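Below you'll find the structure, written out as structure tokens, and then a few comments.
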Amino acid sequence: MISTVKSAGILGIDGYIVDVECFASASIPKFDIVGLPGASVKEAYNRIKAAIKSTGFEFPNMAVTVNLAPADMIKQGTAYDLAILLALLKCTLLCDVSLDGKCFAGEVSLSGNVRRTNGILSMCIAARDAGFSEMYVPFDNINEASVVDGINVFGVRDINELVMHLLKGDVLTPAKCEKDGLFKLTYENIPDFRDVKGQEQVKLAIEVAAAGMHNILLVGPPGTGKSMLAKRIPGILPPMNFEEALETTKVYSASGNIGAGETLITRRPFRSPHHTMSAAGLVGGGQIPQPGEISLATGGVLFLDELPEFSKDATDGLRQPLEDGEVTITRVGGRFRFPSKFMLVCAMNPCKCGYYGHPVKPCSCSRAMIDKYLTKVSGPLLDRMDIQVEVPSLSYEKLSEKEFSEPSEKIRERVMNAREIMAKRYKGTGITSNGQLTPAMIRQYCVLDDEAQLVMKNAFERMGLSARGYDRILRVARTVADMHSSDNIKKEHVAQAVQFRNLDRKYWKNI
């Protein structure tokens, strides 16, 4: 006899439907799985056989062939266990039970329990889009799966519970998610800008970067507060909307980084990988491609401290994701797509010892050593940093001030006001901030008057800007104008955007 049960797999962070076809015949008992199964899928036989016997059901004493269709896609993971088990039980206990409109995904333990599985959120979305009315997932995944509208999601603890529900009904109840309560976001435990002494110009640059989701580079000697400033950026970013939270949660779900009982990731990520990280760890990859740090930072901040200490392969791997907003990794098993819509924040010293250009401490590096250190940051990557600012050493008077600086809450209000202006302007275009503007949209929304054109022309000729650098200055100028609630980009807005990008003339001019 032949039985078919619907399941779901995951490719990158996107789910797709898998037909689990089971053919059982009265012959010498054996068990085969076909359809390009990975190692973890092939091992499903041992898990499922033990689970069926542990729960007191009959394992078919027949020759069994299980096909996972589409058969030309490599199947990885343990999400097919539940559907394979039900396809076997359709030969005995569940032969008269209809499974139409139902999709099953989850790992089965030897005792018959259903264990947490990665990528369930994407699988539920795929099942809904394919027209299924019911989705059965591990109980530990029920919170993340319940956010998907248009499909009834059931959490399964063990095989007995599921079989009883399929035979009699009403044993399991569909999960409900109150989305209104998900986005009551607090900014507790996020460091506050009120603790940062001085550095007013740097704070302004960070505020503009946060408002437009622009990439920013902080350069300065050790101990000036570069890392301290970067770690406070999440506190001035606006809350995530549902679409942003859903995309970020899909990445975390697919990589197994979502917490137990967590519904949606509603706080913007802040990822700060160590400089010894490999290119695959930063960008994504592996034999079975997994999201890298840039994808885990989607919707939030990726902070690269000590930028020149990262490997050249790793930093150069950022170039394409920064432009396209996604990473595509091609393997024999298919093409894996991971989002990479993040705000890049980088910090570095001006030289190996850190004191090149310091007003008091002498630099111990030779010119050749300085040039070698700075060239670790490639020109194309530097060109993609919208804002480049120096973080100078502070005077004793600034450090000894007893008054707190402006709190993050006040800065966040201004950032959110600018974001509201952008949201109205770009409604229906698919983008939410100036940092995402395409060249065509720059020509439409970043129109300069005659005075602003003159400032831009002088800056272009003096700085030797590339076409990309020109576009990025216009994006920052658009954000500066939005911060001042100005519909038009004026000369002062362009001048400030140029000032925020002038740092490479100081440090990289001799290279």
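The values are calculated or read from the model by the stated rules, or taken from the named source; none is laboratory data. In this text, all values refer to a predicted model and were calculated from it rather than measured experimentally. Ideal geometry is used to build each Cβ from the backbone, glycine not excepted, and the neighbour counts take in all protein chains shown. Surface accessibility is based on the protein's heavy atoms, side chains included, excluding ligands, DNA and RNA. Shrake-Rupley method; radii C 1.70, N 1.55, O 1.52, S 1.80 Å.
Does VAL153 meet the test of being of a type in the set (A, V, I, L, M), under 19 Å from ALA8 (Cα atoms) and either open to solvent by 20 Å² or more (accessible area, probe 1.4 Å) or touching a Lys or Arg at 6+ places or on another chain (Cβ under 7 Å) (or both)? Taking the combined requirement at face value, the residue does not satisfy it.
Does LYS352 satisfy the criteria of being assigned to a loop (DSSP other than H, G, I, E, B), in contact with a Ser or Thr (Cβ under 9 Å, 6 or more places away or on another chain), open to solvent by 10 Å² or more (accessible area, probe 1.4 Å) and farther than 29 Å from ILE370 by Cβ? No; evaluated as a whole, the condition is false for this residue. Of everything in segment 118-150 that is assigned to a loop (DSSP other than H, G, I, E, B), open to solvent by 10 Å² or more (accessible area, probe 1.4 Å) and touching a residue at least 40 places away in the same chain (Cβ under 8 Å), the residue that is nearest to LYS90 (Cα to Cα) is PHE132. Under the condition of being assigned to a helix (DSSP H, G or I) and open to solvent by 10 Å² or more (accessible area, probe 1.4 Å), the residues counted in segment 475-490 number 2.
Scanning segment 294-316 for any residue that is outside any helix (DSSP H, G or I) and without any contact (Cβ under 8 Å) to a residue 12 or more places away in the chain turns up nothing. Number of residues in segment 55-76 that are in a loop (DSSP other than H, G, I, E, B) and open to solvent by less than 30 Å² (accessible area, probe 1.4 Å): the value is 2. Scanning segment 320-340 for residues that are outside any loop (DSSP other than H, G, I, E, B) and more than 22 Å from GLN287 (Cα to Cα) yields a count of 3. The condition of being among the acidic types (Asp, Glu), under 21 Å from GLY299 (Cα atoms) and surrounded by 15 or more Cβ atoms within 10 Å (Cβ to Cβ) holds for only one of ASP471, ASP386, that being ASP386.
The set of residues in segment 250-283 that are closer than 14 Å to PHE338 by Cα and open to solvent by 10 Å² or more (accessible area, probe 1.4 Å) comprises LYS250, TYR252, ALA254, SER255, ALA280, GLY281, VAL283.
Got at least one residue in segment 253-270 being closer than 25 Å to GLU390 by Cβ, in contact with a helix residue (DSSP H, G or I) (Cβ under 7 Å, 6 or more places away or on another chain) and at pLDDT 90 or above? Yes, segment 253-270 has at least one match. Looking at segment 234-242, can you tell me whether even one residue there is touching a residue at least 60 places away in the same chain (Cβ under 8 Å), in a helix (DSSP H, G or I), crowded, with 24+ Cβ neighbours inside 10 Å and not hydroxyl-bearing (Ser, Thr, Tyr)? Looking through segment 234-242, at least one residue is touching a residue at least 60 places away in the same chain (Cβ under 8 Å), in a helix (DSSP H, G or I), crowded, with 24+ Cβ neighbours inside 10 Å and not hydroxyl-bearing (Ser, Thr, Tyr).
When restricted to residues that are touching a residue at least 40 places away in the same chain (Cβ under 8 Å), in contact with a Gly (Cβ under 9 Å, 6 or more places away or on another chain) and within 27 Å of ARG335 (Cβ to Cβ), segment 252-268 contains 5. Count of segment 367-383 residues, restricted to those that are open to solvent by 50 Å² or more (accessible area, probe 1.4 Å) and outside any helix (DSSP H, G or I), is 2.
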